[in-house]
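Have a look at this one before I ask anything.
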Amino acid sequence: MKTKSGFSRRALIAIGGAAMLVGPALAQAQTVKVGLILPMTGPFASTGRQIEAAAKLYIAQNGATVAGKTIELVIKDDTGTPDVTRRIAQELLVNDKVSFLAGFGLTPLAFAAAPLATQSKTPLIVMAAATSSITEQSPFVVRSSFTLPQITIGIADWASKNGIKKAMTLVSDYGPGIDAEKAFKERLTAAGGEVVGDVRVPLRNPDFSPFLQRVSDAKPDALFVFVPSGAGSQFMKQFVERGLDKSGIKLIATGDVTDDDIVDSMGDVALGTITTHHYSAAHPSPENKAFVEAFRKAANTRPNFMAVGGWDGMHLIYEALKKTNGATDGTALVEAMKGMSWVSPRGPVSIDPKTRDIVQNVYVRKVEKVNGELYNVEFSTFEAVPDPVKAAK
Ligand code: PHB
């Protein structure tokens, strides 16, 4: 029997078989590339290191083959600079022909790449950046990290239930900081509290001292802080230098400040700090125990919330490919991710099909010593929290 091409079916099978034997071109077509753009150098390099280690660990544990395709990571350093992110994203799309863009250590970097995801119809997995509006920059953005409003309303609720009437806020002066400041103020005010002062510090090379002096003079019941992952050490150092640890002003924060990467090196001054966040290396679940153990073996350090964002971002990529049977059409992949749910090392999570943001538990935690090391120990949970900004729209 002849096919449309004029070859017999048997001949076609033979040709196909030969191509499989000789064909590096064919083998290449079976590779699905993931362009992982991260700050690997500069002040936010810890984010890059954590996500890279988690993504590699995910592949090592789950195998490099999914739905008949070989997953290949193409890792690029954007140094945390938006222009570089955009250029790298363009090169990855045009030259490397990646099927996914992923990573994005800071909000401005995700904003820089989002238009390219739309133009090329390529899924863009935000594994780190956390300003609420990022998912609105392109219908191809799916987020495996968190949003600042999602995390912050929990600490505002904890504060109002624990006798805090007057608070001040101190945030990094860009997207996630402004989101955190707004969410905290709205939530505390709605519960009858008051924000008596708000200070914004530069994202790069922040000197907290003058701001902390203002806090010290105003003597609020509590100081609420957001600074991005990695900047918490500098903040804590200056908090102590200004004597604020002995001022009676309660320090409360998002978990970015007492990040697992740095909390132990902060020393005992961090003890008792109350934060809310979606991940702690001390999260007591079998999934997390296995994750922390494997991560320590692979990377010789504790995973932080950036690592879990990277891990779950890879999970989204794998599961979406399974659903499309290995097809790499961007629209189909994003559709496959919508509504997906799974048990992450952080706890149960899902992708909100309307917003493409992650819905997750938010934990209230206290910095405590566990076996001689400082950890964020969870003591209460807000379950299945969506991004509240988009939920209200
Ligand atoms: C962000 O730039 O969106 C960002 C970075 C680090 C964080 C949180 C938010 O810890």
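Nearest 5 percent is fine: what portion of the DSSP beta bridges confined to the chain is antiparallel?
40 percent
Could you please report the charge total around Phe379, scoring K, R as +1 and D, E as -1 over all other residues with beta-carbon less than 11 angstrom from its beta-carbon?
So the surrounding residues net to 0.
Sticking with this structure for a sec: Residue by residue, what Karplus-based ³J(HN,Hα) values in Hz, rounded to whole numbers, does segment 111-126 have, using 6.51, -1.76 and 1.60 with θ = phi - 60° and x for Gly and Pro?
4, 5, 8, 4, x, 5, 4, 5, 4, 9, 6, 10, x, 10, 9, 7
Across every pair of different alpha-carbon atoms, what Kirkwood hydrodynamic radius in Å does segment 258-393 reach?
The Cα-based Kirkwood calculation yields 16.2 Å.
Once you charge only the Cβ atoms, +1 for Lys and Arg and -1 for Asp and Glu, what is the size of the charge dipole of the chain about its Cα centre, to the nearest 20 debye?
1200 debye
Carbon-plus-sulfur fraction of the accessible area of the chain, 1.4 Å probe, in percent?
53 percent
Over all directions, how big on average is the projection of the convex hull of the alpha-carbon atoms in the chain, in square nanometres?
Here the figure is 21.0 nm², rounded to one decimal.
Using alpha-carbon positions, what is the distance between the centroids of segment 110-183 and segment 260-296, in Å?
Segment 110-183 and segment 260-296 have Cα centres spaced 21 Å from each other.
Then there is this: Can you give the accessible area per residue of the chain, in Å², using a 1.4 Å probe?
That works out to 41 Å² for each residue.
Quick one: which residues, 5+ away or cross-chain, put their amide H under 5 Å from the amide H of Thr381? H built at 1.01 Å from N.
Close amide H contacts, sequence-distant or interchain: Val364.
Taking the dipole about the Cα centre of the chain, with the C-beta of Lys and Arg at +1 and of Asp and Glu at -1, give me whichever of Leu374, Val94, Ala130 is farthest to the positive side.
Result: Val94, furthest along the dipole toward the positive end.
Still on this structure: Enumerate the amide H contacts of Asp198 below 5 Å, restricted to partners 5 or more residues apart or on another chain; note that Pro and chain-start residues carry no placed amide H.
Under 5 Å from the amide H of Asp198: Thr169.
Would you work out the relative contact order for the chain, in percent, from Cα pairs under 8 angstrom that are 6 or more residues apart?
17 percent
Turning to a different aspect of this structure: Tally Lys and Arg at +1 and Asp and Glu at -1 over the other residues with C-beta under 15 Å from the C-beta of Ala114: what net charge comes out?
Residues close to Ala114 contribute a combined charge of +1.
Taking the chain as the reference, fit the longest principal axis to its C-alpha atoms, fit the long axis of helix 45-62 to the helix C-alpha atoms, and give the angle between the two in degrees, 0 to 90, nearest 10.
The two axes meet at around 40 degrees.
Let me ask you something else. Taking amide hydrogens as modeled 1.01 Å from N in the peptide plane, which residues meet the under 5 Å criterion relative to Ile75, leaving out close sequence neighbours?
Those lying under 5 Å, H to H, from Ile75 are Leu36.
Okay, moving on. With bins 5 Å wide starting at 0, give me the P(r) of segment 153-308 over every alpha carbon pair, in whole percents.
2, 9, 19, 21, 20, 14, 8, 5, 2, 0
I'd like the Karplus ³J(HN,Hα) series for segment 280-294: coefficients 6.51, -1.76, 1.60, θ = phi - 60°, whole numbers in Hz, and an x wherever there's a Gly or Pro.
Per residue, the Karplus-derived 3J(HN,Hα) values read 9, 4, 8, 4, x, 9, x, 4, 6, 4, 5, 5, 5, 5, 5 Hz.
Could you derive backbone 3J(HN,Hα) for segment 253-264 from the dihedral phi with the Karplus parameters 6.51, -1.76 and 1.60 (θ = phi - 60°), listing whole Hz in sequence and x where the residue is Gly or Pro?
The phi angles translate into 7, 7, x, 4, 6, 9, 2, 4, 5, 10, 4, 5 Hz.
The values are calculated or read from the model by the stated rules, or taken from the named source; none is laboratory data. Please read all numbers here as calculations on a predicted model, not as lab measurements. Virtual Cβ from ideal backbone geometry, glycine too; neighbours counted across all protein chains shown. Accessible surface areas use protein heavy atoms only, side chains included; no ligands, DNA or RNA. Shrake-Rupley method; radii C 1.70, N 1.55, O 1.52, S 1.80 Å.
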